Structure formats: C-alpha cells, structure tokens
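Comments concern the structure below.
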Amino acid sequence: MERGTLTATAERPATGTEPLRAIRPWTIAAVFGLVATIICAAGSWIPSLWGDEATTLMSARRPVTTLLPMLFHVDAVHGLYYLGMHGWIRLAGESPFALRLPSAVAIGFAVAAVTLLAGRRGGPKAAVVAGIVACVLPRMTYAGEEARSFAFTAASASWLTVLLLWLVDGAGRTAPAAVRRSCWAVYAAGLAITSYLFLYTASIAIAHLAILLISRASRPLLRSWAIATGSALVALAPLVLLAYFERSQIGYLGNQPIDPTTLLWMPWFGNGWVALVAWACIALAVGSAAHARWGAAGRAATAALPRTAPVPVPAALVGACWLILPTGALLLINLAFPLYTARYSTFAAPAAALLIAEGLLVLGRIVSRRDGIPTVAATGVGLLAVVAICTPAYLSQRGPYSKNDSDWAEVSAAMGAAALPGDAVVFDESTKPSQRPRLAMHTYPRGFRAVGDPTLRTPYDRNIGWADRVYSVQTAAELGRFDGVRRVWLIESDVDGSLDRYGLAELEALGFEETGRSIPTHRSMLIELTR
C-alpha cells in the first residue's frame, strides 16, 4: 500500500518523531496488538457471566453430536464460534478468564490491523495514534472481555480491509498474477469465514465496494472483487437460509427503539461523552479527507495520474465507508425485518478508532499551524483527552455486575455457603430466558454441587434448544420429585426491588414454609423454606 494519500501529508514538518520512522509498521502493529490483548484480558474475570455468555458456555460444553442439531433450530449464526469454543474450553477450562481470553486475543489482532493500516497510509505517528485509540475505544475493550463472537468479527473485518487495500493500491497490484489470484481466494475465504462467525459481518462487502469505487479501481480489479465476494456469498447460502427460518429468535428486537442513543453512541462509544468527542474527531477527519480528495487540489492531483492508475484512498475515507455503510444497510433492513442491536456493529468498531485517530492528527496540524505548537504536542494532548474520557467506561466494564447486571457468580457463592447436602433448589422461571437465575448453576456450578434440582425436566444438552426444559413445581411434586426433601432454596429475581414470587405458593401448598432467612444478592434473592 502507498504510505501517502493524495494530499500533502508532505506538509509534515520535522516534529521530533523521526526516530519512529526507523520502526517497521509491522513492529508497531505487533506491539499494539499485544498491548490491546493485555488491556482487554486485565480484569476480564471480574464481571459475572451473563445470558449471552451462558449460551456460549452451554453450547460449547455440548457434544458435537447434540450441538449440530441444536444449530438447526437456534443460533445458527453463531455456530462456527461455538464449535471453536467447544475445542477451546477442553484445553483452557471454563473459568470466566478462559472463556473471555480468545476475545481479548481477537481484539489484539483487530488493533494490530488498524495500526498497520494507519501506519501504511500516514506513517509511524498515525500508526501510534490509531493504536492507542483502538486500545481504549469502549466497544473494543468491551468485546475483548466478552465470550461472544463479536471480537472475532472486528479482527476479521480489519484484516480483510488491510488485504483489500494491499490489492487495490498497495504492492499487491504489481504482484505476480498467481499471487493476486491467491490473495483474492484468501479474501473470499476470509469473508465467508467471518460471516459464518456472525452473519452480519458480510455487510463489510458494501464498504469494500465503496472503497474500490473511490479508488478508481480498474475493471479487472472490480471483476476480481466481484468474483471473490460472489463466491463468499454463495458459500453463505446455507447459513442465510437457516438464519431466515430462525428469525423468530431475535423477534424481540422489534420492541427495541432505534433512537439517537442507539445510533450515535451505543454501537461504538459506550457513553455520551465519548460519543461527543468521537463524532467531533470523525467529522474533522472525514471533512479534511473529503476536501483533500475532491477539492480543487485533489481533483488536480487525480487528473494528473494515469487513467489506469488507482487513486490511494485516505485512511479517513476508508474508515468512513467501513463505519457508516454496513451499519446503515443493517438499519435500513431493520425497518422491514427487526434484526439490529448496537453490539452487532462491533465489526465496524476498528473503523471508529481509525477515524478518531485521523481526526486527532488533523486537529494537531490545525493547532500547530494556528498557534505554533509542535504537531506532536497538540496531537498528544488530544490523544490524552480521548484516553481520559474512555477510561471510566473501561473501569465500569470491569465491575462485578457490568454484564447486563448479572450477579450469577454472587448467587453461586451464596448458595455454596448456605446449602447442605440433601437440599433442593427451585429457580424463578418467570423472567426472560437470558436472565433466569437457573443459569447461575450452569455458569458457576460449584455452589450448586450439594443441591438437587427437582424441577429439571430435560437438561439443555439433551434437547434442541440451548436452555433446560423444566417442570412447574406442582408437576414436579406430582412426579415425586420433592419426596424426602426437607429444605428448599427458592432463588427469585429481585430487580429494582420488585421481588418475584414464582413458585412460592406451590411450595407452600406442599408444606414448605419460609424460615425468615433470605440472602439478597445484586438482583436476586435466595429464600429458605423448610417442612
């Protein structure tokens, strides 16, 4: 890829960054990738696992012989990730740290790609700024401590974009024909694989098409891209079909509002202050790049190039295509078929980091020209401000209840301290499936080893859904499941002081009475009943 853009990145004066120029882009990328992995992994064991992560763990535990049939009924769009995690937990175990570590590594790869892309477009200083921003961007650090596939989609989208740019206006365009064909095959396979990790990532192809058009790509290049992308989409046909038949699984998204919060800060920025600063940087970066590309000087520079020569696309325009177009397409489809929530755009989070970094670089140049402050100092102050604003979001992500207010680790610990062999546990089954206290037993099983589960009908790994099937308390009693049980622990949801009473009346009808002993946790209540 060309290091420069159409515009005068040539106007960079000596700024004291010359020692950076001796460092190879790959070295800077590797360093920031490692740093990002460490940042994401740090404290990742603290938050309690939550509903989506419970789905990951329980699906990964299944034998493959029951996992594959499950995917034909639910969660097909996450099937490849579950298969990968199936092997991973057999090597690394099932602790929260072990479950989340692959995502931390994936974010490291995403940050490395963003750093490399920025460095090859704008030089070492651009690489360093992009690397730092990508390391602290809230959506990146959140995805890096969550046992879901989204961190992998960010990494895959990033490296596919790097490969595309190498083929379009980098060294790949002059490589031997056999090398180019091989690279397009890798691109096709990569697009298919990342889309099997999470289907919506296929929309990155829209951004890549826009980049090709902006670069004034030749017809043979467009044809190669179309063949590669078409091949990937054909390979995705089975997954698309399964996703269509399983669409009711995300039907609840139709009840979620699409508002400024959903659009402007939840997908990538974590809170309003980060979003405010980020969008200001993005507007500055895109405005500067657009002026350089389509302003009078940019048009003249483009006209001076041979008609067959590609036009290098500035990093900010690459980021803009990547950030806006795929998510925009998903939002348009969402108007007809509810399918979107903010975290589904995680694959575009590296683009947000790239754009923020480019905005900081533009801001540094403006301040330097106006006030005579060295560019490095001006950019550094802006960068420190971004890091400071993102830090509270990072710290809040590492709180014990930061994952959807889940308190299952605390519930398990309380049960382990209070229950005795021969006790039984009854769970509140009235809440939505992803919040049911029963999942505490599957995510943190140690505290439940001494207790029986009389309402269990079919364990999750023996049915076609991802959750257990259960009996009501009354039906379980009719089947003799409570015979000989003298003490029951009823675990109720207790959100915002609204304590559920699921199963309490049925247990009292069986002769159980509250002892007056109850153990509150963050959003649950353990109630002791004896007879």
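The values are calculated or read from the model by the stated rules, or taken from the named source; none is laboratory data. Worth saying up front: this structure is predicted, and the values here are computed from it rather than measured. In this analysis, Cβ positions are derived from the backbone assuming ideal geometry, glycine residues included, and neighbour counts consider all displayed protein chains. Note: areas computed on protein heavy atoms with side chains; ligands, DNA, RNA excluded. Shrake-Rupley method; radii C 1.70, N 1.55, O 1.52, S 1.80 Å.
A few remarks follow.
- Segment 320-374, Rg to Rh (Cα coordinates; Rh as Kirkwood inverse mean 1/r): 1.26
- With contacts taken as Cα pairs under 8 Å and at least 6 residues apart, segment 456-531 reaches a relative contact order of 28 percent.
- Hz values of 3J(HN,Hα) by residue in segment 420-429 - Karplus curve (6.51, -1.76, 1.60), Gly and Pro given as x: 10, x, x, 6, 10, 10, 10, 9, 5, 10
- Cα coordinate range in segment 342-400, projected on the principal axes (Å, largest first): 46, 24, 12
- Rounded accessible area per residue of the chain, 1.4 Å, Å²: 42 Å²
- Solvent exposure ordering (accessible area, 1.4 Å, most first) of Arg247, Arg369: Arg369, Arg247
- Only helical runs count toward this figure. For the chain, summing -39,500 (n - 2.57) over DSSP H runs of n ≥ 4 and dividing by all residues gives -18500 deg cm²/dmol at 222 nm.
- When Lys432, Lys403 are compared by accessible surface with a 1.4 Å probe, the order from highest to lowest is Lys432, Lys403.
- Rounded to whole Å, sorted largest first: equivalent-ellipsoid semi-axes of segment 71-189, Cα gyration tensor: 29, 21, 11
- Solvent-accessible surface of protein heavy atoms, probed at 1.4 angstrom with all chains present, puts Met58, Met441 in the order Met441, Met58, largest first.
- Rg then Dmax, both in Å and based on the Cα atoms of segment 216-285: 19.1, 45.
- Note on segment 165-320: along the principal axes its Cα atoms extend 54, 40, 18 Å, ordered by decreasing extent.
- Here Ser248 and Asn271 are evaluated by their C-beta separation; at R0 = 35 Å the FRET efficiency comes out at 0.60.
- Relative frequency of Cα-Cα separations exceeding 34 Å in the chain, percent: 44 percent
- Rotationally averaged projected area of segment 255-409 (alpha carbon convex hull; nm²): 12.9 nm²
- Antiparallel bridges, percent of DSSP beta bridges restricted to the chain (to nearest 5): 75 percent
- The charge dipole of segment 117-256, taken about the Cα centre with unit charges on the Cβ atoms of Lys, Arg (+1) and Asp, Glu (-1), comes to about 600 debye, rounded to the nearest 20.
- Taking all protein chains as shown and a probe of 1.4 angstrom, Asp461 keeps an accessible surface of around 50 Å².
- Of the three principal axes defined by the Cα atoms of segment 29-141, the extents in descending order read 51, 29, 23 Å.
- Compared with the alpha-carbon gap, the fully stretched path from Ile333 to Leu384 is longer by 14.5 nm at 0.36 nm per residue.
- Our estimate of slack between Leu222 and Ala178, defined as 0.36 nm per intervening residue step minus the Cα-Cα distance, is 14.1 nm.
- Trp88 exposes around 80 Å² of accessible area when a 1.4 Å probe is run over every protein chain in place.
- Percentage, to the nearest whole number, of Cα pairs in segment 422-484 over 17 Å apart: 41 percent
- About the Cα centre, charge dipole magnitude for the chain (Lys/Arg +1, Asp/Glu -1 at Cβ), debye: 2600 debye
- Against the chain, whose longest principal axis comes from its Cα atoms, helix 219-235 is set at around 10 degrees.
- Carbon plus sulfur fraction of accessible area for the chain, probe 1.4 Å, in percent: 65 percent
- In Å², nearest 10: area of Ser396 left accessible to a 1.4 Å probe: 70 Å²
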